[in-house]
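Just below is one structure, and these are the notes that go with it.
The values are calculated or read from the model by the stated rules, or taken from the named source; none is laboratory data. The shown structure was predicted, so the numbers you read here are calculated from the model rather than taken from an experiment. Because the Cβ atoms are built from the backbone with ideal geometry, glycine has one as well, and the counts that use them run over all protein chains shown. Ligands, DNA and RNA are excluded from the accessible area calculation, which covers all protein heavy atoms including side chains. Shrake-Rupley method; radii C 1.70, N 1.55, O 1.52, S 1.80 Å.
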Amino acid sequence: MKKELPLHDATFDGLVLQGKGCTMFFSRTDGSGCEVHLGGVDALQMDDFREGNMVVFFGTTTREAPSNLTNLERLYTPPHMSASAEYHEKYASLRDRKISAVVAGELTLIEMEPAIGANLLATCEHVRLRAHGGGN
C-alpha cells in the first residue's frame, strides 16, 4: 500500500539518528511543526541537505512491491559492474530479500522528494507522524 504523508510544501529542518531510530523534523506552511519517526531503520540515504529544504512528496510503500527499483539500488548500492559474478548474484539476492520484506510488511520504503534540497530514501520497520501545535 502506498501512502502519502501530509508534508507537501513543508520545510525539512533536519533529522537525528540514534541507534535504529530516526526522527525527522518538519515545519509546515501554517507555522505548525511535526516529526516523523522511523523505527527499526534498516537503511537510510540522503543527498543535498541544505538550508530551505522543501518537500514535494513524502510517501511510504509497504505490503506491495516498490515501483521504482532504482531507488532500492540507491539505498542498497550494487557492486561495481566489473565485480565478479558472485558479488552480483549476492546483491541480487539481497535486493530480492528487501523487496520481499516490503511486500510482506516487514519493512516500509520511505521516499522524500524535494522541490529544493534534501532527497531521502530509507527502509524501516515502522513509521509514526506526530504533529505539534502552532500555526497562525
Legend entry - Over the chain, relative contact order from alpha-carbon pairs under 8 Å, at least 6 apart, %: 34 percent
Legend entry - Computed label-point distance, nm, for sites residue 82 and residue 49 using a 7 Å Cα→Cβ extension: 3.3 nm
Inset, instruction - Averaged over every viewing direction, what's the projected area of the C-alpha convex hull for region 2-132? Give it in nm², one decimal, please. - result: 8.3 nm²
Inset, instruction - Return the lysines within reach of residue 90: Cα separation strictly under 25 angstrom, same-chain partners fewer than 8 residues apart disregarded; answer none if there are no such residues. - result: 20, 98
Legend entry - Per residue solvent-accessible surface (Å²) - the chain, probe of 1.4 Å: 56 Å²
Inset, instruction - May I ask you to compute the full-extension gain from residue 32 to residue 1, defined as 0.36 nm times their residue separation minus their alpha-carbon distance, rounded to one decimal in nm? - result: 8.4 nm
Legend entry - Heavy-atom accessible surface of region 2-132: percent carbon and sulfur, 1.4 Å: 50 percent
